[in-house]
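See below for the structure under consideration.
The values are calculated or read from the model by the stated rules, or taken from the named source; none is laboratory data. Since this is a predicted model, take the numbers as computed values, not measurements. Positions of Cβ are generated from backbone atoms using ideal geometry, with glycine treated the same way; all protein chains shown enter the neighbour counts. In case anyone asks, the SASA skips ligands and DNA or RNA and just uses the protein heavy atoms, side chains included. Shrake-Rupley method; radii C 1.70, N 1.55, O 1.52, S 1.80 Å.
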Amino acid sequence: KVQFSAFTPEMKSLLQQIGRRTILMAGTETHVCVYQTTRDLLEEGFTVHLVKDAVCSRFAENHENGLALMHDLGAVVTNTETVLFDLLIDSSSPEFRSLSALIK
C-alpha cells in the first residue's frame, strides 16, 4: 500500500459487502497508519475498538500519543484479553480453556 490509511475504497467496499460496522483495530505504527485508518473509519461512522496491546510504534512516546489521539476521536481503547473474553461471551465454549491457558 502507498497510503498510510488502510481504509481504501476497496476496504470500504468489502466492509459494506459483509455488513460490518464494528472494527477491531491492530497494526503497526500506532501514530501513523493505525491512527489514520481509525480516523477514517470513525469519520465514516464505524465503531472502532483499538486493541492497545496489538498496536505498536518504534517509540513509546509515539505509541502513547497515537492511543490518545484515537481515544479523543472516539475509538474504544481496549486490550487483547478483554476482546477475547468478550467474543467468547462465557466460559462454556470449548475455546475458553484453550484461550485461558494461553493468557496465563
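Summary table below
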{"item": "Whichever residue in segment 36-50 is in a loop (DSSP other than H, G, I, E, B) and out of contact with any strand residue (DSSP E or B) (no Cβ under 6 Å at 6 or more places or on another chain) and, among such residues, is surrounded by the fewest Cβ atoms within 10 Å (Cβ to Cβ)", "result": "GLY45"}
{"item": "Selection status of PHE7, open to solvent by 80 Å² or more (accessible area, probe 1.4 Å), of a type outside the set (Ser, Thr, Tyr) and at pLDDT 95 or above", "result": "no"}
{"item": "Count of segment 51-78 residues which are over 12 Å from the mean Cα position of the chain (by Cα) and part of a helix (DSSP H, G or I)", "result": "11"}
{"item": "Residue in segment 79-89 that is open to solvent by 50 Å² or more (accessible area, probe 1.4 Å) and part of a loop (DSSP other than H, G, I, E, B) present", "result": "yes"}
{"item": "Check on ARG20, part of a loop (DSSP other than H, G, I, E, B), basic (Lys, Arg) and either open to solvent by less than 90 Å² (accessible area, probe 1.4 Å) or at pLDDT below 95 (or both)", "result": "yes"}
